[in-house]
1. Could you please find all residues in the range 457-508 being assigned to a helix (DSSP H, G or I), among the hydroxyl-bearing types (Ser, Thr, Tyr) and farther than 17 Å from Asn684 by Cβ?
2. Quickly run through the range 282-317 and pick out the residues that are under 18 Å from Ile77 (Cα atoms) and either within 12 Å of the ligand (Cβ to nearest atom) or in contact with a Ser or Thr (Cβ under 8 Å, 6 or more places away or on another chain) (or both).
3. Would you please list the contacts, defined by Cβ atoms under 7 Å and residues six or more apart or on different chains, that run from a residue in the range 60-79 that is outside the structural domain of Asp326 (by TED's automatic domain parsing) to a residue that is in a helix (DSSP H, G or I)?
4. Whether any residue in the range 516-524 is under 21 Å from Val682 (Cβ atoms) and in contact with a Ser or Thr (Cβ under 8 Å, 6 or more places away or on another chain) is what I want to check.
5. Being touching a helix residue (DSSP H, G or I) at 6+ places or on another chain (Cβ under 7 Å) and either more than 30 Å from Ile567 (Cβ to Cβ) or in the same structural domain as Val144 (by TED's automatic domain parsing) (or both) narrows it down to one of Asn243, Asn258, so name that one.
6. Scan the range 718-748 for residues that are part of a helix (DSSP H, G or I) and among the hydroxyl-bearing types (Ser, Thr, Tyr) and report the count.
7. Would you pick out the residues in the range 373-392 that are farther than 13 Å from Lys292 by Cα, within 16 Å of the ligand (Cβ to nearest atom) and crowded, with 22+ Cβ neighbours inside 10 Å?
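The values are calculated or read from the model by the stated rules, or taken from the named source; none is laboratory data. Note that the coordinates shown come from a computational prediction; the quantities given were computed from them, not determined experimentally. All Cβ positions, even for glycine, are placed from backbone atoms using ideal geometry, and neighbour counts span all protein chains on display.
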Amino acid sequence: QAKTPTREDTEFRAYSHSEIARDAATIKNSVVMHLTATFLRTPASIDSTHAYLASAFSVRDRLLQRWNLTNEFHDRIGAKRVYYMSLEFLVGRTFDNALLALQLRDEYAGVLGDVGFRLEDVIDEERDAALGNGGLGRLAACYVDSLACMNYPGWGYGLRYRYGMFQQQIINGYQVEAPDCWLDTPNPWEFPRPDVTYPVKFYGRLEHVPGSAHRYRWVSDVVYDAMAFDMPVPGYGTTNVGNIRLWSCKTNGLFDLNKFNAGDYAGATGGQVAAQILTDVLYPNDNTNEGKELRLRQEYLFCSATLQDIVARFKRTGRPLSELPDMAAIQLNDTHPTLGIPELMRILLDDEGLEWDEAWDITTRTFAFTNHTVLPEAMEKWPVPMMDRILPRHMGIIYDINLFFLQRVEKQFPDDRGLLRDISIIEESSPQQVRMAFLACVGSHRVNGVAAIHSDIIKQSIFKDFVRVMGEDKFVNKTNGVAPRRWMNECNPAMSELITEVVGDRSWINDLSKVRALEARVDDEAFRRRWWAAKQANKRRLADYILATTGIRVSPDALFDVQAKRIHEYKRQLMNILSVIYRYHRLKEMAPAERARELPRVVVFAGKAAAGYWVAKQVIKLINAVAEVVNADDEIGDVLKVVFVPDYSVTAAEHIVPASDISQHISTAGTEASGTSNMKFVLNGGIILGTVDGANIEIGEEVGEEQIFFFGCLAHEVADFRHYLRFHQPKPDPALQTAFDMIQRGTFGDAHIFQPLIDSILRGGDVYLLSVDFPSYIEAHKAVEEAYRHRDDWVTKSILSVARMAKFSSDRAIQEYAEEIWNIEPVPVVE
Ligand code: 475
């Protein structure tokens with residue numbers, strides 16, 4: 001009923017909405033127009049950078065037109081929207097993705113060909129938007145992709161970091177970080193919106209508003225401005241274009257002319273510099289909480305601007321605030337945006353004058369919260385004194401939220417003092433700390449984990465008491481998924497063509513259940529040969545990429561064994577490289593004839609370590625030290641190659657993922673919440689070697705146990721092993737001992753630099769149970785080798801796996817969120 005007032009359909013509106021023509025001549029005109037008018041070049045002075053920029057701007061025009069249409073339509077029909085709040089969006093490149101979505105790839109390839117450029121080279125001119133660390137950030141990007149493709153009204157909200165994820169260089173085997181100045185070149189995929197700017201306060205003091213119970217005036221001189229930049233999200237096979245709105249921070253007010261006139265040049269701009277810092281840089285921590293004051297201010301700037309924007313958009317509908325939950329669902333991507341909860345309370349109480357109970361009811365019906373990790377070091381906690389100083393109003397609101405919550409718990413469970421202490425949002429440590437996961441849980445109507453096992457674990461661990469108090473129904477599972485557009489169609493054209501042929505058309509790209517049709521072709525000899533050939537072509541492409549980035553030559557005929565993900569102790573890259581060392585030892589022991597019968601293998605590692613994570617950086621050094629020795633060993637040759645691909649990124653993943661024969665997902669059971677690259681590798685015909693952890697388990701259920709190599713202890717066994725190892729030194733099995741010996745003998749250079757890694761197992765309690773899982777890990781490798789030698793069976797595994805992976809499309813995940821948490825519906829845009 002209550003619709004946004006819209007303008008009459010004027011001729012102008014109709015004109016602005018009529019789709020730009022798609023013929024080659026129109027495309028060429030628009031590319032030339034941008035070349036000359038936007039970039040002041042001529043067709044005579046075009047280079048591939050400008051070929052990229054001009055064609056990207058031309059594609060962008062088409063997207064922005066659809067963007068306008070989409071948002072105007074959603075406003076007009078009064079659609080409920082979901083807002084996916086995330087401090088990270090690991091988008092990667094957009095150009096190729098947009099060309100595919102608009103189904104204009106061949107047309108642009110033709111136009112670029114006419115002026116002497118290969119589309120592939122032009123695509124390579126684009127820099128990744130690397131506004132994220134790893135799994136959590138890439139998940140957010142896949143989810144906004146699915147929202148757009150499935151015609152769900154929804155936006156992502158995030159921060160526009162001036163420096164994204166650092167670039168990783170490998171110097172002398174060590175990781176060295178270089179800043180990612182991704183905005184130094186023009187970015188066609190963002191649209192500045194200076195008219196969408198909100199003030200955000202910090203520090204200051206409170207004045208109680210007389211006659212009210214919960215209303216305060218927050219007085220502060222430190223006010224920054226958050227300005228919006230919109231990134232269009234192309235929807236494949238639909239006119240729907242989604243949006244990621246990113247905030248950039250600047251000072252509220254102008255250059256300080258008084259200071260400048262007084263000769264204080266630095267002081268005149270000092271405020272601007274102080275403000276900019278808030279959105280200067282992405283914190284490069286994955287699964288770790290840094291706890292820095294700047295991070296808290298970053299999080300608040302993000303939450304305040306986002307909530308102000310959402311409330312402002314809602315108020316334009318003219319509806320009463322009590323209906324906000326009917327128009328907006330807000331999903332918190334982990335605890336990082338949790339300040340959105342007290343910020344909405346502040347807006348409703350102080351700006352809008354609502355009473356507490358009504359404000360709280362609106363807030364809890366609007367928010368839902370996703371947990372992504374159980375690692376204790378990742379749990380966000382903020383010291384109360386810090387929060388009180390920076391955000392005095394929010395600290396007060398959090399105290400009240402906690403008070404009312406604990407009163408309720410006490411009524412429910414009288415005399416259980418321990419429960420009150422354990423469940424309190426304020427941890428009674430010194431200093432006291434705000435537990436953000438508890439605040440997110442209390443302020444949301446749903447809490448979800450990201451794979452079945454993970455959702456069970458959080459109900460038994462961190463949220464155990466909350467299950468007792470708030471009931472089990474609040475806690476649900478939403479197994480992760482990945483976008484088939486980028487992770488199949490874009491990154492693996494060879495396999496995608498085969499699937500399209502089998503399905504009959506490209507509809508599988510937006511409906512992955514159709515890929516089941518592959519099962520019918522599993523015995524078709526000709527098809528199987530082409531399937532194998534597609535994988536080999538992808539392996540050759542990766543071999544070229546490896547040569548270009550590392551100078552190492554690898555044979556595409558070898559088994560490609562890949563572990564590509566953030567470097568973290570719980571992910572156990574150390575266990576992988578120790579097994580490589582053991583393999584090297586075995587090969588060295590063999591007679592040449594015997595060695596020649598071994599299955600050639602290329603072991604590929606890729607991933608970044610957080611800049612301050614010393615152990616992870618030593619693991620990178622060890623991998624590179626082993627690679628240097630093994631790759632230079634003429635006795636070994638192609639039987640074993642070890643490669644560390646530097647600067648892992650979304651774009652690097654698009655080269656690596658389609659080329660794996662096996663990929664490793666070998667976290668200690670119970671530690672990897674879900675994993676998403678496991679899904680990507682299998683969707684590209686690779687097989688998993690993995691532990692019984694995260695989404696590996698559900699992947700195994702879907703593809704069948706023949707199609708996955710499991711090993712290692714189970715999640716419920718971990719506590720006992722850990723307990724034992726706290727008090728007993730592990731006794732490494734002979735294989736593991738062999739690897740230690742080789743390192744200690746100096747085979748890979750200075751032994752003492754690697755001793756701390758060995759000590760983490762022998763003397764540090766072996767928290768990640770490498771000594772426990774190593775024997776079964778070696779056995780699993782043998783099973784993989786045996787299976788790979790039977791090429792026929794291997795191809796069968798590969799085809800059946802892809803056929804049965806529909807569950808792991810992010811479209812399935814988003815549909816579950818939409819139906820069971822957000823209560824939103826798809827609305828295809830119609831004119
Ligand atoms: C899990 N990041 C994966 C993925 O659900 C899972 C934490 C604190 C500060 C900064 N970043 C983080 C994460 O916790 C994270 O990336 N978690 C990952 O989320 C998506 O598939 O198992 O480790």
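1. Listed by number, the list holds a single entry, Ser507.
2. Of everything in the range 282-317, those that are under 18 Å from Ile77 (Cα atoms) and either within 12 Å of the ligand (Cβ to nearest atom) or in contact with a Ser or Thr (Cβ under 8 Å, 6 or more places away or on another chain) (or both) turn out to be Arg316, Thr317.
3. So the pair list comes out as Asp61/Ser30; Arg62/Leu102; Leu63/Ala98; Leu69/His17.
4. The answer is yes; a qualifying residue exists.
5. Asn243
6. Total satisfying the criteria: 2.
7. Selection gives Thr373 alone.
Each row is one residue, and each column tells you yes or no for (1) within 20 Å of Gly675 (Cα to Cα); (2) assigned by TED's automatic domain parsing to the domain that holds Phe413; (3) touching a residue at least 60 places away in the same chain (Cβ under 8 Å).
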| residue | (1), (2), (3) |
| --- | --- |
| Ser455 | yes, yes, no |
| Lys459 | yes, yes, no |
| Val469 | no, yes, yes |
| Pro484 | yes, no, yes |
| Trp487 | yes, no, yes |
| Met495 | no, no, yes |
| Ile499 | no, no, yes |
| Arg506 | no, no, yes |
